[in-house]
1. So the label point goes 7 Å from the Cα of residue 197 along Cα→C-beta, right? Which residues of the range 61-84 then have their backbone N under 14 Å from it?
2. Against the longest principal axis of the chain, how steep is helix 145-155, in degrees 0 to 90 to the nearest 10, with axes from Cα atoms?
3. For the range 38-164, what's the relative contact order in percent, using C-alpha pairs closer than 8 Å and at least 6 residues apart?
4. Which percent of the Cα-Cα distances in the range 55-214 go past 26 Å?
5. At 7 Å along the Cα-to-beta-carbon direction for both residue 205 and residue 89, put a label point, then send me their distance in nm to one decimal.
6. How far, in nm, would the chain grow between residue 116 and residue 4 when pulled straight, counting 0.36 nm per residue and subtracting the alpha carbon separation?
7. Please report the antiparallel percentage of the DSSP beta bridges confined to the chain, to the nearest 5.
8. Starting with the fewest neighbours, write out 43, 96 ranked by other beta-carbon atoms found within 10 Å of each beta-carbon.
């Protein structure tokens, strides 16, 4: 009989942390670190460790350290045919797969932070990942993202990750390729050096991150500073939940 192991893959976001906290039965907490995360993410992880009284294991890719490195090797930001994003897959998915291979003798249960609006993503996660059991504490309690953040602030006395306080809906990498025009105009203002770096990267590889409604490429160095609204754009969390909800 396999030994049981319940794992919370924390993304340095509020939802994944609160899911593990509410589950209450987590044996192992794991965070996959990427160089492009805001430096405050590690502070948040360390504060979470103190709050739960357990170590959060930090994993990193042995092949790549940054989004730019993945994009340059791949030669673009996404595969237009299947949506494959090298940064998400190589910096996170491969790392998780390696960990699973090392723990294939365990009966795994994963705790996920999908909220009440993400039932479909939770269902796809179950279908695409039969190698583990799955629990969804936020969905079970019918909690919205806003309610989860409110619960966090009422329960804990340490700060949310800095990206939330700057107005971003998720604590993704700074300069996330899944962001829209409004997001990128906020990055232009808050992190101008990263905006310029991504703009140069686009020209170097010959592909743009953004497209207009007619699928015409819009390069960052041509983006109108007034276009887009980050508050109305669909901008998914780019943690491990993001790619697990897609077909393997």
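Any read-out appearing in this document is the output of simple, stated calculations on the displayed coordinates, not a laboratory observation. Remember, predicted model here, so these are calculated numbers, not experimental data. All Cβ positions, even for glycine, are placed from backbone atoms using ideal geometry, and neighbour counts span all protein chains on display.
1. 65-72
2. Between the helix axis and the principal axis of the chain, the angle is about 60 degrees.
3. 25
4. Value for the range 55-214 (Cα pairs over 26 Å): 43 percent.
5. Roughly 1.2 nm, to one decimal.
6. Fully extending the segment from residue 116 to residue 4 adds 37.6 nm.
7. Looking only at bridges with both residues in the chain, the antiparallel portion is about 10 percent.
8. In order of increasing Cβ crowding within 10 Å: 43, 96.
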